[in-house]
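First comes the structure, then the notes that go with it.
Each reported figure results from applying straightforward, stated rules to the coordinates on display, with no laboratory input. Every value quoted in this text rests on a predicted model; they were computed, and no experiment measured them. Here Cβ is always computed from backbone atoms with ideal geometry, including for glycine, and neighbour counts include all displayed protein chains.
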Amino acid sequence: MKSLMLVLSCMLLAFACSKEKTFDEREVNLISPEKISGFDPINASDRYSGNETGKVYEGLFEFHPLKRPYELMPNLAEALPVVSADGLTYLFKIRKGVLFHDSPAFKDGVGRELKASDIVYSIKRLADPKLNAKGWWLLDDRLVGLNEWRTKHSTTDKTNYEEEIEGLRKIDEYTVQMKLKKPYPQFLYALAMPYTFIVAREAVEHFGKEFLNYPVGTGAFVLPKFEQTSMITYVRNPKFRDKFYPSEGEEGDDKLGLLADAGKKIPLVDKINVHIVVESQPKWLSFMKAKDDLLEVKDVNIQQTINSKKELKDEHKEKGIRLIMKPMLDVTYYAFNHEEPIFKNRKLRQAMNLAFDRATYNRLFHENTAFEAHGPVPPGLGGQTKEFKNPYIKYDLEQAKKLLAEAGFPGGKGLPTIVVQTRSDTISRQQIEFFEKCMEKIGINIDAGTNTWPELVNKVSKKQHQMYTMAWGADYPDAENFLGLLYCPNQSPGSNGANYCNPEFDAIYKQATTMQESPERTTLYEKLNEMVALDAPWILGFHRTDIYLAQAWLKNFKHMEFNHSQFQYLNVDLEVKKQLSKKF
Amino acid sequence: MIKYIIRRLLYLIPVLLGVSFIIFVLFNLVSGDPTAVLLGKNATAKQMAELREQLGLNKPLLDQYFDVVKSAFTFNFGYSWATKQEISHMILQGAYPSLCLSVPAFVIATILSLIISLVVAFYRGKGIDLFVRIMCIAGVSVSALAYILFFQYFFAYKLGWFEISGFEYGFPDFIPFVALPAIIFILLSLGPDVRFFRTVILDEIYQDYVRTARAKGLSEVVILLKHVLRNALIPIITYVVIQIPSLILGALLLENFFSIPGLGGITLNALNSSDFPVIKAMAILSSVLYILLSLLTDVLYTFADPRVKLK
């Protein structure tokens, strides 16, 4: 009886304290499935930290929120840069009248105007050896004099930001010049990534080690102080410059209502609440209770979202919920360690590719939403053509057995048990069990090595593995970002964890990566993609699909792989929200 | 007793030295290189070497051990490698939601369990005793995750009685967010607690002094509350106090499912990102807490049983 009374009093207290739902606030409620590790752009390495950083900070460029294929547009830069004939010197004009957020770091607490020196400072900060930024790889060995500056200050007590660097110079208050050591076709993409977002030196110096908790950017939203809580609330930047919603997009965007706000000043909402929710069930329930406006659907929730025809289930349609499904720019794979003598045998690698039952795997683990990878480059990027079909990704046990025999291991005889390193979570274990069964059918014994994420990364970076499984997501929309995973100089601890070295591949890759975007470069990328498919340095997996659910009242959401700055364009229709909320 | 307490507090020194040594061996000698995880997917060998230098991983081992010892004795744990936040601030910030959830739930669960145990001890062998025993066994047989999933779905989503997830700082704002996880915590604790308390109380009930009390004509209620409970308190205190460190370290599953930004999540994140300073800080803190609470247990014994003298 007493326990019942206690439970009841708890409930009553909870009722008393619950907040009533209101529909007068123009706010967007989003979910971040991971904790945010602070707001320092130079360390915004994961997708979710990048998304949060992008709400308060900005870069020189950003990806167009509507146009596809992805297109860069100037953001803090006034226009695209003037590039010298040799493609090495870039002149950037900075937009005038852009103000930093108000902060105690500035004189009288009022944000000052962004100047060219801020661009120079922010890039130098990315290179500062004392900060050891996660994003340094982006400009490592790219700008003239920057690596030398970094090396010099790795032994000094204090990094000297006043020191001039030939490849990174302020020409006047609104002009910056950057000089590359060698052609870097992805350079402008680098300047659209969160790592190169612009910070104010005063804020960095004022807040010191606490800088990551006090974001002071130029972005559309303001966050006075970041705390590791369950919700981050951003409010509209009252001093945000005149920036407008784009008036053109991809074909069909108009019909989807994505151009309804064309020409309107952004941001279109007053507030963004980001709820940090790690587990699948509360994410799903919060969205279904209309507490959140957008949901990235993963794992167990896919079944609850779509039917066998990959269409949104009727019960969600009735509530006006929209389904957004788009292929991701990613690839999953099982990598062989090519330093292991057995994996130098191409026929063995090809046989293992043929024995992997991708169709069943896709049904079991991706609800048939993923696409079989014919090469490392995902569809949508130059380098992957619809015409090319990888002959080794079909499920053909007879052919696999034949190749295995030709490889010198008939029925798997003579092959040692192969250990595949993977993560220790439930789904990874189930996936590796499935893989084991596939290989067993041609006589290959697989053992699973399960690891925490740090253990797995360590084994791969120290080459302490025979095989491992991994997924790679694009940093920017260029096939180079995927093909580099098999470039010999990138071998462990770099991104080529397979330690694959193919001189022919390397020579073409080296040539392609210095070329600007062109049909010739695309042809080289295609060649590289096909070389990988035929040489089988990995067992290719899938290109997965991003699945989102959006409430009917959320406007202007379009799937975007690099969505750091997308949130400033979102809008809500309060009338629709008021009407439809009754259904939840 | 004061001398005893001081002596026990002094024991902290060798224990902390031992804990520091174990932590040092685990994280500075045995564990792998954390730099690959800390630098992310594009780490280069050069950058990893630079970071190792910066994190002090290239220092002589004795110096590294001394750093661990220093942090154990000063409680200055420095900054997190992964989030770059000040660790003491992270812990303080995470301790508040963890305590908001676990302290009231723990107190209620303990009191409720004691009451239920006394009632079933009073009615031992009867229907209610059998019913409670069956419920306890059923309760501990179902996994905590099943309770969490069902209660969150049914009471928070379907009935809308509670918040689905989240947390707000300050009283009473946090109550709607911790009410449901606290109820689950209580239900999860009742099974093992009642079973243990019932056994301890029944052990006492068959002692000679209880028979004497009954022979003297004391009522069963007086016997239970005045004599049996007091004598059963020593194992109960041991059992209860020893659970306190785990309350402060957070109820990981509950915190994760209800998005409560407590210490459980901080520890898990640190493990997943090779954030050794945070893991070390949590290990040192739990050791200190454990020692202090075992001292508290000893002191409480003297109140529960006057025959116990601390020398």
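Values as computed for the structure displayed
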quantity: Taking the convex hull of Cα positions in segment A:330-543, its mean projected area over all directions (nm²); calculated: 11.0
quantity: Sorted by Cβ neighbour density within 10 Å, fewest at the top, the residues A:189, B:290; calculated: B:290, A:189
quantity: Cβ-based net charge around residue B:278, under 12 Å, with every Lys or Arg adding one and every Asp or Glu removing one; calculated: 0
quantity: Nonlocal amide H pairs with residue A:451, under 5 Å, H built at 1.01 Å; calculated: A:422, A:423, A:424
quantity: C-alpha long axis of helix B:263-272 to longest principal axis of chain B, angle in °; calculated: 40
quantity: Which listed pairs, of A:170/A:209; A:124/A:209; A:298/B:158, have C-alpha distances above 19 Å, in listed order; calculated: A:170/A:209; A:298/B:158
quantity: Other protein chain Cβ atoms within 10 Å, averaged over every residue that makes up B:157-169; calculated: 6
quantity: Once the Cα gyration tensor of segment A:332-395 is diagonalised, semi-axes √(5λ) in Å; calculated: 22, 16, 11
quantity: Per-residue ³J(HN,Hα) for segment A:267-279, Karplus 6.51 cos²θ - 1.76 cosθ + 1.60, θ = phi - 60°, Hz, x for Gly and Pro; calculated: x, 9, 10, 8, 8, 10, 9, 10, 8, 8, 10, 8, 7
quantity: For segment B:205-285: Kirkwood Rh in Å [reciprocal of mean 1/r, alpha carbons]; calculated: 16.2
quantity: Given charges at Cβ of Lys, Arg, Asp, Glu: segment B:2-87 dipole, positive-most of B:14, B:48, B:78; calculated: B:14
quantity: Residues with amide H under 5 Å from that of residue A:276, placed H, sequence gap 5 or more; calculated: A:32, A:231, A:232
quantity: Cα-centred dipole magnitude for the protein assembly as shown, charges only on beta-carbon of K, R (+1) and D, E (-1), debye, nearest 20; calculated: 2400
quantity: Likely footprinting exposure, A:53, A:196, fewest C-beta neighbours within 10 Å first; calculated: A:196, A:53
quantity: Segment A:330-543 - charge dipole about Cα centre, Lys and Arg +1 at Cβ, Asp and Glu -1, debye rounded to 20; calculated: 580
quantity: Difference of contour (0.36 nm per residue) and Cα-Cα distance, residue B:211 to residue B:11; calculated: 67.8 nm
quantity: In segment B:173-282, the chymotrypsin sites (Phe, Trp or Tyr not before Pro) that fall in loop regions by DSSP, at most 16 other Cβ within 10 Å; calculated: B:206
quantity: Cα-only Debye scattering, segment B:260-311: base-10 log of I(q)/I(0) at q = 0.15, 0.18, 0.29, 0.31 Å⁻¹; calculated: -0.57, -0.65, -1.03, -1.08
quantity: Percentage, to the nearest whole number, of Cα pairs in segment B:170-251 over 15 Å apart; calculated: 69
quantity: Per-selection metrics, chain B (Cα): Rg and Dmax in Å; calculated: 23.8, 84
quantity: Label-point separation in nm, residue B:135 to residue A:248, each point 7 Å along Cα→Cβ; calculated: 7.1
quantity: Projected-area mean, segment B:55-147, by convex hull of Cα positions, square nanometres; calculated: 10.5
quantity: Acute angle (nearest 10 degrees) that the helix B:127-141 long axis makes with the longest principal axis of chain B, alpha-carbon atoms; calculated: 10
quantity: Solution diffusion estimate, µm²/s, Stokes-Einstein, segment B:95-244, Kirkwood Rh from C-alpha pairs, 25 °C, viscosity 0.890 mPa s; calculated: 143
quantity: Point-to-point label distance, residue A:471-residue A:397, nm (Cα→Cβ direction, 7 Å offset); calculated: 2.9
quantity: Distant-in-sequence amide H partners of residue A:174 (H built 1.01 Å from N, under 5 Å); calculated: A:116
quantity: Cα-derived Rg over Rh, computed across the protein assembly as shown with Rh taken as Kirkwood radius; calculated: 1.00
quantity: HN-Hα J in Hz across segment B:207-212 - Karplus 6.51, -1.76, 1.60, θ = phi - 60°, x for Gly and Pro; calculated: 6, 4, 5, 5, 4, 4
quantity: Over 20 Å between alpha carbons, listed pairs A:115/A:225; A:413/A:459; A:93/A:115; A:35/A:225; calculated: A:115/A:225; A:413/A:459
quantity: Simple label model, 7 Å out from Cα along Cβ direction - residue A:453 to residue B:219, nm; calculated: 6.1
quantity: Antiparallel DSSP beta bridges within chain A, as percent of all bridges there, nearest 5; calculated: 75
quantity: Cα pair distances exceeding 15 angstrom across segment A:86-147, given as percent; calculated: 64
quantity: Per residue, the convex hull volume that the Cα atoms of segment A:38-213 enclose (Å³); calculated: 121
quantity: Positive minus negative residues near residue A:165 (Lys, Arg vs Asp, Glu; Cβ under 13 Å); calculated: +3
quantity: Positive-end residue, segment A:38-213 charge dipole about Cα centroid, Cβ charges, pick of A:88, A:59, A:45; calculated: A:88
quantity: Prolate/oblate/rounded call for segment A:471-518, Cα gyration tensor, a/c under 1.5 rounded; calculated: oblate
quantity: Mean ellipticity per residue at 222 nm, deg cm²/dmol - from DSSP H runs of n ≥ 4 across chain A, formula -39500 (n - 2.57); calculated: -8000 deg cm²/dmol
quantity: ³J(HN,Hα), Karplus 6.51/-1.76/1.60, whole Hz, each residue of segment A:560-576, x for Gly, Pro; calculated: 8, 5, 10, 9, 4, 10, 5, 5, 5, 9, 5, 9, 10, 9, 5, 5, 4
quantity: Cα gyration tensor shape of segment B:2-87, rounded if a/c is under 1.5, else prolate or oblate by comparing a/b with b/c; calculated: prolate
